[in-house]
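Before any comments, here is the structure.
The values are calculated or read from the model by the stated rules, or taken from the named source; none is laboratory data. From a predicted model like this one, the values you see are computed outputs, not experimental measurements. Ideal geometry is used to build each Cβ from the backbone, glycine not excepted, and the neighbour counts take in all protein chains shown. Note: areas computed on protein heavy atoms with side chains; ligands, DNA, RNA excluded. Shrake-Rupley method; radii C 1.70, N 1.55, O 1.52, S 1.80 Å.
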Amino acid sequence: MAKIHSKKELRFYIAADMMMNHGKFRWSWKDRMKHLAAPDYIMLYLKSLRHLQYLSSNKSKSLRWVCLYLYHRLRYRKLGYKLGFSIDWNSLGYGVNIPHYGTIVVGRTSSLGNFACLQTSVCVTGTGHEIGDAPYLSTGVKIISKVKVGDNVSFGANAVVNKDMPDNCLVAGVPAQVVKPSQPWYVRDGQKFVDRVRAVENLKAST
């Protein structure tokens, strides 16, 4: 399960999520003005999720810790209801991409690696799944039972996964089977995502 141990690491996780969703590490002043008129609820949700990820790894009895925890827990829950998200805050590696509002469930004790892409109506049950880096979960994917999935695996729409999967493949069907070898989703989906991943990894190397 992903842990954030320092404020520096927290800032990196938030910046990585921003880059993968918007192609930049932070808002410009123009972006901030637009954000006031039309808030980016997905990024607000991810920011509170990352703060809870950090706070849960650095527990304290101080008043400041308690206030921050209660604030982000409340915002995380409120935005989760609004967006249809129920994602355990220790389940995601850095650089998650969530393109749309809509039901996404990732249960407690399950973990997804870095650069996960989550589409709508995804359900990853909380039974200890271990999913590697760069998973692409298409609309309607369900991962059940306790499975281990390799890196760079793309799941076809409405796939139901109930067994382990190797690296670098496309899986589809009910129950899901390996269909063919596959590249990481960010390579398949265009150069802009390759550039974003490279930028995140460069930032990580420099921090």
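Structure data summary
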{"quantity": "Accessible surface of segment 33-181, 1.4 Å probe, proportion on carbon and sulfur as whole %", "calculated": "58 percent"}
{"quantity": "Cα-projected label distance for Cys67 with Val179, points at 7 Å along beta-carbon direction, nm", "calculated": "5.2 nm"}
{"quantity": "The chain: most fluctuating residue of Ile131, Ile144, Ile87 per GNM, C-alpha cutoff 10 Å", "calculated": "Ile144"}
{"quantity": "Fraction of antiparallel bridges per DSSP, the chain only, in percent to nearest 5", "calculated": "15 percent"}
{"quantity": "Whole-number percent relative contact order across segment 35-80, with pairs defined as alpha carbons under 8 Å at least 6 apart", "calculated": "51 percent"}
{"quantity": "Highest-MSF residue in the chain out of Gly107, Gly132, Gly173 [GNM, Cα springs under 10 Å]", "calculated": "Gly173"}
{"quantity": "For the chain, built as a Gaussian network whose Cα springs stay under 10 Å, the top-fluctuating residue of Arg50, Arg26, Arg64", "calculated": "Arg64"}
{"quantity": "Dipole magnitude of the chain, debye to nearest 20 (Cβ charges: Lys/Arg +1, Asp/Glu -1, about Cα centre)", "calculated": "980 debye"}
{"quantity": "Helix-only [θ]222 nm of the chain, DSSP H runs n ≥ 4, -39500 (n - 2.57) each, per residue, nearest 500", "calculated": "-13000 deg cm²/dmol"}
{"quantity": "Cα centre as origin, Lys/Arg/Asp/Glu Cβ charges: segment 35-130 dipole, Debye", "calculated": "520 debye"}
{"quantity": "Given charges at Cβ of Lys, Arg, Asp, Glu: segment 86-207 dipole, positive-most of Val96, Val124, Asn158", "calculated": "Asn158"}
{"quantity": "Kirkwood Rh and Cα Rg combined as Rg over Rh, evaluated for the chain", "calculated": "0.97"}
{"quantity": "Asn58 versus Met33: modelled label distance in nm, points set 7 Å from Cα along the beta carbon direction", "calculated": "3.4 nm"}
{"quantity": "Stretchable slack from Lys148 to Asp167, in nm (0.36 nm times residue separation minus alpha-carbon distance)", "calculated": "5.8 nm"}
{"quantity": "0 to 90° range, to nearest 10: angle between helix 191-206 axis and the chain longest Cα axis", "calculated": "50 degrees"}
